[in-house]
Every structure is written in C-alpha cells, then in structure tokens.
Amino acid sequence: MRQWFWAAAWVVGCGGTQPAPTLLDEPTEELPALLSEVGIFPRMDDPSEVSARAIEFAPRYPLWSNGSEKQRQLVLPEGERVDVSEEHWAFPVGTLFFKTFAYADDGADDGLRYAETRVLQRLEDGWQEAAYLWREDRSDAELLEGRTATDVDAEHEGEAFVHEVPSRRQCRTCHESAEVEILGFTALQLDDGEGQLERLLELEVFDGEVEGERIEGEDAWLLGYVTGNCVHCHNGFADGANSSFPLGHEVFLDNTLGRETESSASGIGTRIVPGNAEDSVLYLAFIEADNGTGIEEMPPLGIQLRDAEMAARLKAWIDDLPPL
Ligand code: HEC
Ligand code: HEC
C-alpha cells in the first residue's frame, strides 16, 4: 500500500513523463543542465503550467525589468515551512525560488517569448544563484555558467533591444547587498491588498502568523517603486556587496528632498530639488546613463530598457513639489 502511494506520488510529481527524480524532489543536489530536469515546469512547451508543489507569488512592487512579463514561484522542501519567528525570515535548506522572464511575441501561440528562468537555491552554506537560458523553440532551457552576462534578443512595445541575463556576480550585487537575500518575498511585498498574503497563510507556507505591512499615503506609488527597485542596495547595510545610503520608504523623503549627494564618485549635486526635476541628481540618474551628473545611472545594473513611464511620473512629481 505504502509503496503504491509513493509510486503514484512520483508520477504526479514528475508530470507523468519522467520517472527520474527532479531537483524539486532532491532540492540540495547540483543544479541539472536542463530546466526540464528541475521539475518546476512539467511541460516545457507551456510554462504557464507549473508543478503542483510550486507556490506562486508576485511582489506588490516589482523590479522593473525592461517591461518583461515575470512569473515567480517558491518550492519548499517536503513538510517544511518558512520560519517567520524573527524579523528577517529564514528559509529551510532545500528551498528553491524561481523567476521566469518572457517578452510579448506576436508569433507565439500564447503571445510570449521566454527568455530566462532564474533560480535561488538554499544550500547549507547560503544561497546559490543560477539562470537557465530558454531555447527559442522552447524545447528546453539550458543552465548558464554565469561568469558573464548572456544576451537575448528581445522586443518591448515594438522596440528591439538586447535583454541581458545577469552574471552570477551581478545576481549577488543585488541579492547580497541587503541583510536578506530574498527580496520580493517579504511581508511588505506579499501584502498586496488583493488577498495574496491571506492565501499564503492558508497554504501554511509560514510556521506562524504574519502581519501585513503597507506603505500608506499618496506617495505610496513612488515609495513602493523605490522599495522594489532601489532598496535592495540603498538600505544602509554596511556589509552589503553594493549597499548605499538608505532609500527605504520611511526615510526616502528625508534623505532626498534638498539633500546633497554623498557619492564616492565625482557626482555632486542635490538628490531632489523640489520643483525642479532637471536639477535633481536622482531624476537625472534615473533617466539615462549619460546624465551629466558624474554619477552612474540608477539602478546601475539589470536594465537595458529604461522605465519611461515611471520617469515621466517622477518628473511630474518632483516638478510639482513646493520649493523648499
Ligand atoms: C538589479 C538587481 C537584481 C539583479 C541583477 C538580480 N536580481 Fe533577482 N530580484 C531582484 C529583486 C528586486 C527581486 C524582487 C522583486 C521582483 O521579483 O520583481 C528579485 C527576485 C528574484 C527571485 C525571486 C525571489 C526573491 O528574491 O524575491 C529570484 C529567484 C531571483 N531574483 C534570482 C536572481 C538571479 C539568479 C539573478 C542572477 C542571474 C538575479 N536574481 C539578478 C533584483 C535583482
Ligand atoms: C545594485 C545596487 C544599486 C541599485 C539597485 C540602485 N543603486 Fe543608487 N547607488 C548605488 C551605489 C553603490 C551608489 C554610489 C555610487 C557612486 O558612488 O557613484 C549609488 C548612488 C546613487 C545616487 C547618487 C549618490 C548620492 O549620494 O545621492 C542616487 C541619487 C541613487 N543612487 C539613486 C538610486 C535610485 C533612485 C535607485 C532606484 C531607482 C537606485 N539608486 C538603485 C547602488 C545602487
């Protein structure tokens, strides 16, 4: 009886086609060369279908990634939960996080061209970062070595450009600049006002109660955007790989309005000049690489197409601020 049960579980777990155990079954094993062997997508030709063990989620304030469509999943080791007893959540060894990027593609049946799937794997001694590059025909996706960034031809709203799959070092620049490596799976990011946190609580993903967390007020759209796009580095955490002055939602206004830059590079100026976006270093760094401030474009990596819509909104917001 017991044996029959396990055999049945096996077949379900592997989508009925592959008898071999996948990474989902043995989540601390070495990452397989092909994404099909990971087990997150039972059918590679239709990645909208995910393993029954996967818990899907979406951060309320996502990272802008060239306007791509993204899907994200968490897979916990059998019988394990996220430890929420401390301020920073702890994930059991064997936890897997996935994030898959796709672009609109009129030629595809489902309108999508899959670009890459990123993986964070919790091992005994910390998180391992990796990415799989999708074959154009979707027959599979291949594990990248990760020493350099890899180019993928992509298109967003009719504009052709090259999407870069980050190198492993670039993953770390963002994921290891804060105290916690997991960036989009936090109380603030999961409490989306649409029942996501409640759904996860019902699924018993956590080993205790989780209080929701919200950014309040009329500037929430901006403070939220900065949370999803800047605070993984701008958190004031001194030991981070690439941390910088804090821009968390509680301190953003204090640290930017009328505040001089303190960059170690040659850039000098005021972060935000209320009433004048064109004189504000933060705005100039946000809109383009060659911004005349002597400061790198912000965010400094992970973007090939800048977020024009947010740039326009940010400009209008700064221009409308009453001068100090
Ligand atoms: C520019 C900064 C940046 C880079 C580079 C980056 N990430 Fe992330 N990543 C984020 C942020 C911010 C989130 C959460 C927000 C979101 O998903 O939209 C995230 C989310 C994720 C998630 C979902 C779990 C989580 O932390 O929320 C995975 C998996 C992931 N990234 C893997 C990778 C891997 C692997 C690489 C390198 C190949 C990489 N990332 C490179 C910033 C980055
Ligand atoms: C990958 C990490 C990273 C991300 C993401 C990032 N920054 Fe930065 N930022 C830095 C570092 C490091 C510096 C200091 C660079 C230098 O000295 O030129 C910096 C400098 C700056 C500066 C100028 C220095 C100063 O003292 O004011 C501004 C303004 C800024 N960032 C704004 C932003 C904004 C806004 C975002 C999000 C849209 C963002 N950054 C995202 C790492 C990051």
Given the conditions (1) within 9 Å of ligand 1 (Cβ to nearest atom); (2) in contact with a strand residue (DSSP E or B) (Cβ under 8 Å, 6 or more places away or on another chain); (3) outside any loop (DSSP other than H, G, I, E, B), every one holds for GLU155 apart from (1)
Flag for GLU198 being surrounded by fewer than 18 Cβ atoms within 10 Å (Cβ to Cβ), closer than 27 Å to ALA54 by Cα and more than 17 Å from the chain's Cα centre (by Cα): yes
Taking the stretch 111-128 and keeping residues buried (at least 22 other Cβ atoms within 10 Å of the Cβ) and within 16 Å of ligand 2 (Cβ to nearest atom) leaves none
Given the condition away from ligand 2 (no atom under 16 Å from the Cβ) and assigned to a strand (DSSP E or B), answer yes or no: does some residue in the stretch 179-199 qualify? no
Out of the residues in the stretch 160-178 that are of a type in the set (A, V, I, L, M) and not in a loop (DSSP other than H, G, I, E, B), which is surrounded by the fewest Cβ atoms within 10 Å (Cβ to Cβ)? ALA160
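Yes/no per residue for (1) among the charged types (D, E, K, R); (2) in contact with a helix residue (DSSP H, G or I) (Cβ under 7 Å, 6 or more places away or on another chain); (3) within 13 Å of ligand 2 (Cβ to nearest atom):
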residue: LEU257; (1), (2), (3): no, no, yes
residue: SER263; (1), (2), (3): no, no, yes
residue: ILE272; (1), (2), (3): no, yes, yes
residue: GLY275; (1), (2), (3): no, yes, no
residue: ALA308; (1), (2), (3): no, no, no
residue: LEU321; (1), (2), (3): no, no, no
Filter the stretch 285-306 for residues that are surrounded by fewer than 18 Cβ atoms within 10 Å (Cβ to Cβ) and away from ligand 1 (no atom under 16 Å from the Cβ); the one that is nearest to the chain's Cα centre (by Cα) is GLU288
Please verify whether the stretch 211-222 includes one or more residues that are crowded, with 20+ Cβ neighbours inside 10 Å, within 14 Å of ligand 2 (Cβ to nearest atom), touching a residue at least 12 places away in the same chain (Cβ under 8 Å) and of a type in the set (Phe, Trp, Tyr). no
Among the residues of the stretch 132-145, is any touching a residue at least 40 places away in the same chain (Cβ under 8 Å) and within 17 Å of GLN304 (Cα to Cα)? no
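Listed here are the residues, each with its yes/no results for (1) modelled with pLDDT under 95; (2) within 10 Å of ligand 1 (Cβ to nearest atom); (3) in contact with a Cys (Cβ under 7 Å, 6 or more places away or on another chain).
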position	(1), (2), (3)
ARG81	no, no, no
VAL84	no, no, no
TRP89	no, no, no
PHE98	no, yes, no
ASP105	yes, no, no
ASP110	yes, no, no
GLU116	no, yes, no
ARG122	no, no, no
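So is GLU56 without any contact (Cβ under 8 Å) to a residue 24 or more places away in the chain and not aliphatic (A, V, I, L, M) or not? Explain how you work it out, then say what you get.
Working: without any contact (Cβ under 8 Å) to a residue 24 or more places away in the chain: yes; not aliphatic (A, V, I, L, M): yes.
Against the criterion (without any contact (Cβ under 8 Å) to a residue 24 or more places away in the chain and not aliphatic (A, V, I, L, M)), GLU56 qualifies.
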Positions within the stretch 169-183 being touching a strand residue (DSSP E or B) at 6+ places or on another chain (Cβ under 6 Å) and either away from ligand 1 (no atom under 11 Å from the Cβ) or within 23 Å of PRO47 (Cβ to Cβ) (or both), in sequence order: CYS171
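The values are calculated or read from the model by the stated rules, or taken from the named source; none is laboratory data. The structure displayed is predicted, hence computed values, not measured ones. Cβ sites come from the backbone with ideal geometry, for glycine too, and all protein chains shown count toward neighbours.
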